[in-house]
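Notes follow once the structure below has been shown.
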Amino acid sequence: MPEHEYDIVIVGSGAGGGTVARELAPLCREGVRIAVLEWGPRLRPEELTGRELEMAGRLYFDGGGTMTRDRSLTVAAARTYGGSTAVYTGTSLHVPRRVVEAWGVPGLEWEDVQRRSERYAGENGVHLLPEELINENNTLFVEGCRRLGWPVRQFPLNLRGCRGGGVCNLGCPNGAKQGTHVVQLPAAEAEGVEVITNARVESLGDRQCRVVVSNPGFGEPSPWEEGEHRVRAKRIVVAAGGVRSPALLLHSGFGEELPALGRWITLHPALILVAEHARPITNIVGHPKSFYCEAFRGFLLETCMYFPFTTAKNLIGFGPEHSALMHRFDRLQQILVLVMDPARGENRITVDADGNPVIAYTLSPEVLDSFHSAMKAATAIFLAAGARRVHVPAGERFFVEAGEEGLLDELIPRRHVRPGRLSVSSAHPMGGCRMGGDPASSVTDGWGRVHGVPWLYVADASLFPACSEVNPYLTVMALAGRVAEAVRNDHGEVNAT
Ligand SMILES: Cc1cc2nc3c(=O)[nH]c(=O)nc-3n(C[C@H](O)[C@H](O)[C@H](O)COP(=O)(O)OP(=O)(O)OC[C@H]3O[C@@H](n4cnc5c(N)ncnc54)[C@H](O)[C@@H]3O)c2cc1C
């Protein structure tokens, strides 16, 4: 079996791993050897076709639909150079002070998180889109909210040279989105960090990992030969994402000493709502997500526009009404509901015998209450924006029609809001390796150092002790920046002694 030696190995190249690689890259000038091991491929530009099903298969784990154990929701996470930053929409929000204070992690101050996320927002080109680039799917949302007197805000986005292709979640063919695949990883590689793609870390042992290299038949071939490899490193930073970092650590046996490992996950459950206008609107062309409304307790409403397959799967029901709505795709307006789910110990990642993650997550009554309120609020916004009719998944009928604004409580009863009746998804898995002071209730300290394992760190969304409440990537980067600082300090201290 080929063997490789590094000083620092980073598992995963997404928002967390890419940031750690960039922050540690200057150490390469002093001869420190650093590698990123990334399960997914590095796609060639011509392979980003924007075709929905093709790209889902090339970019995502399980085509973007990893199911929870009870099959009540699907989780999307990317498996590619840049991780989920290659498919994210680029909305760039800062975590509120109240969230970090409620996390209560010793040594973690909101001011530090804020300072770091502002730095990454600058590095990744975050700005507000000019008015001429905003399509009607977005402006109608603004109009609807304003007519109802609900405050609406514009999303800062991390784009450079957006041409409005609308396929952000299928990988931007124009390279406009400023994820780690565009900003941090190329900069780290230029300084000497090696990125080994198509390299799945199977398990971790004492300062080493077992890696399997396998080329999927698209993308650049891995720089390493196919087959098993052993990699030794003085320090290993796990940044495999909110589902796969806890799974990798559990499969590697760390759960025995760390009872919180895999637990307290939150998913930010999401629901896509669809309305039909009487005329065609600009929807699929242009950036999909430019505005949000945070007027409510327990959920956020955001603009969104999904592709035909994803849209069809999110409508409840079959037959003529479903088909008629899909045939009017050019008239559809969409709103995304994001529910802030509480962290609970019983919502957890476990692993099967092969080390694959099993996501045990129950949609709680509080989450279903939030979906219920959100469906009524979104329906009100659509109708205030002039929609002809709205498809409400848990409605009494397939459509709520214009003019029925006063009947929403009757037409959208709480009793229909239940698993199986809603097509719920998640793109924001968080927790499972939560930070904290106590090894009995957390996995790492406030700098991502795994309790009791001096060579091991975590640097991704799994660090969150509870939901971030807002779209999370800037917070992941800020926390990963702290982990890189801890690794650098620890490495320097050991070398100095
Ligand atoms: C469709 C979509 C849209 C989104 N839009 C937004 C948005 O607009 N704004 C926002 O703030 N957030 C958004 N997010 C969320 C954001 O992308 C994530 O929160 C963030 O990328 C998480 O960073 P991470 O490092 O934890 O994981 P990831 O970025 O997912 O990276 C994990 C990496 O680890 C690799 N990996 C996993 N297991 C292994 C292993 N065993 N060996 C080697 N490599 C491994 C994976 O292939 C992946 O590349 C979106 C996510 C999705 C899926």
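Which of the residues belonging to segment 201-251 are assigned to a loop (DSSP other than H, G, I, E, B), surrounded by fewer than 22 Cβ atoms within 10 Å (Cβ to Cβ) and within 24 Å of the chain's Cα centre (by Cα)?
Hits for segment 201-251 are P216, F218, G219.
Considering only residues of segment 66-121 that are more than 16 Å from the ligand (Cβ to nearest atom) and open to solvent by less than 20 Å² (accessible area, probe 1.4 Å), which is farthest from S423 (Cα to Cα)?
Looking at the filtered set, the residue picked out is L108.
Quick grid of which residues meet (1) within 15 Å of the ligand (Cβ to nearest atom); (2) out of contact with any Gly (no Cβ under 7 Å at 6 or more places or on another chain):
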site: G166; (1), (2): yes, no
site: G175; (1), (2): no, yes
site: A233; (1), (2): yes, yes
site: A239; (1), (2): yes, no
site: S245; (1), (2): yes, no
site: L248; (1), (2): yes, yes
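Report whether or not Y88 is part of a loop (DSSP other than H, G, I, E, B) and under 12 Å from the mean Cα position of the chain (by Cα).
In short, yes.
Would you confirm whether or not segment 365-386 contains a residue that is touching a residue at least 24 places away in the same chain (Cβ under 8 Å), within 20 Å of the chain's Cα centre (by Cα) and assigned to a loop (DSSP other than H, G, I, E, B)?
No, segment 365-386 contains no residue that is touching a residue at least 24 places away in the same chain (Cβ under 8 Å), within 20 Å of the chain's Cα centre (by Cα) and assigned to a loop (DSSP other than H, G, I, E, B).
Within segment 269-281, does at least one residue satisfy the condition of being in contact (Cβ under 8 Å) with a residue 24 or more places away in the chain and out of contact with any helix residue (DSSP H, G or I) (no Cβ under 9 Å at 6 or more places or on another chain)?
Within segment 269-281, one or more residues are in contact (Cβ under 8 Å) with a residue 24 or more places away in the chain and out of contact with any helix residue (DSSP H, G or I) (no Cβ under 9 Å at 6 or more places or on another chain).
Starting from segment 7-35, take each residue that is within 13 Å of the ligand (Cβ to nearest atom) and list its partners that are modelled with pLDDT of 95 or more and polar (S, T, N, Q), counting only C-beta distances under 6 angstrom and pairs at least six apart or across chains.
Partner pairs satisfying both residue conditions: G14/S84; G14/T85; A15/T85; G18/T180; G18/Q184; T19/Q184; R22/Q184.
Going by the conditions given, is P186 in the same structural domain as R51 (by TED's automatic domain parsing), more than 14 Å from the ligand (Cβ to nearest atom) and without any contact (Cβ under 8 Å) to a residue 12 or more places away in the chain?
yes
So which of G64, G57, G50 is over 15 Å from the mean Cα position of the chain (by Cα), of a type outside the set (A, V, I, L, M) and under 30 Å from L363 (Cα atoms)?
Sole residue among the options that is over 15 Å from the mean Cα position of the chain (by Cα), of a type outside the set (A, V, I, L, M) and under 30 Å from L363 (Cα atoms): G57.
Does A484 count as within 16 Å of the ligand (Cβ to nearest atom), surrounded by 24 or more Cβ atoms within 10 Å (Cβ to Cβ), in contact (Cβ under 8 Å) with a residue 12 or more places away in the chain and within 16 Å of R235 (Cβ to Cβ)?
yes
Condition check ((1) surrounded by 19 or more Cβ atoms within 10 Å (Cβ to Cβ); (2) within 16 Å of the ligand (Cβ to nearest atom)) across all residues:
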| position | (1), (2) |
| --- | --- |
| V358 | no, yes |
| F371 | yes, no |
| H391 | yes, no |
| A394 | yes, no |
| E404 | no, no |
| P419 | no, no |
| M435 | yes, yes |
| P439 | no, no |
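Tell me yes or no: at least one residue of segment 258-265 is more than 16 Å from the ligand (Cβ to nearest atom) and either open to solvent by 10 Å² or more (accessible area, probe 1.4 Å) or of a type in the set (S, T, Y) (or both).
Among the residues of segment 258-265, at least one is more than 16 Å from the ligand (Cβ to nearest atom) and either open to solvent by 10 Å² or more (accessible area, probe 1.4 Å) or of a type in the set (S, T, Y) (or both), which makes the answer yes.
If you go through segment 454-470 one residue at a time, how many are open to solvent by less than 10 Å² (accessible area, probe 1.4 Å) and either within 11 Å of the ligand (Cβ to nearest atom) or not in a loop (DSSP other than H, G, I, E, B) (or both)?
Final tally of qualifying residues: 9.
When you look at P151, is it assigned to a loop (DSSP other than H, G, I, E, B) and either surrounded by 21 or more Cβ atoms within 10 Å (Cβ to Cβ) or not assigned by TED's automatic domain parsing to the domain that holds M435 (or both), yes or no?
For P151, the condition - assigned to a loop (DSSP other than H, G, I, E, B) and either surrounded by 21 or more Cβ atoms within 10 Å (Cβ to Cβ) or not assigned by TED's automatic domain parsing to the domain that holds M435 (or both) - is met.
Pick out the one residue from V213, V152, V193 that is free of Cβ contacts under 8 Å to residues at least 24 places away in the same chain and in contact with a strand residue (DSSP E or B) (Cβ under 7 Å, 6 or more places away or on another chain).
V213
Only one of L301, L363 is out of contact with any Ser or Thr (no Cβ under 9 Å at 6 or more places or on another chain) and open to solvent by less than 20 Å² (accessible area, probe 1.4 Å); which?
Just one listed residue meets the conditions, L301.
Being open to solvent by less than 40 Å² (accessible area, probe 1.4 Å) and in a helix (DSSP H, G or I) is the filter here, so list the residues in segment 309-325 that pass it.
Within segment 309-325, T310, T311, A312, N314, H322, A324, L325 meet the criteria.
Quick one: would you say E346 is open to solvent by 30 Å² or more (accessible area, probe 1.4 Å) and part of a loop (DSSP other than H, G, I, E, B)?
The answer is yes for E346.
Looking at R348, R331, which one is outside the structural domain of Y306 (by TED's automatic domain parsing), in contact with a Lys or Arg (Cβ under 7 Å, 6 or more places away or on another chain) and not polar (S, T, N, Q)?
Sole residue among the options that is outside the structural domain of Y306 (by TED's automatic domain parsing), in contact with a Lys or Arg (Cβ under 7 Å, 6 or more places away or on another chain) and not polar (S, T, N, Q): R348.
If I go through segment 237-256 residue by residue, how many of them are farther than 12 Å from V11 by Cα and not small (G, A, S)?
Of the residues in that region, 6 qualify.
The values are calculated or read from the model by the stated rules, or taken from the named source; none is laboratory data. The structure displayed is predicted, hence computed values, not measured ones. A quick note on method: Cβ atoms are made from the backbone with ideal geometry, for glycine too, and the neighbour counts reach across all protein chains shown. The area values use the complete protein model at the heavy-atom level, side chains included, leaving out ligands, DNA and RNA. Shrake-Rupley method; radii C 1.70, N 1.55, O 1.52, S 1.80 Å.
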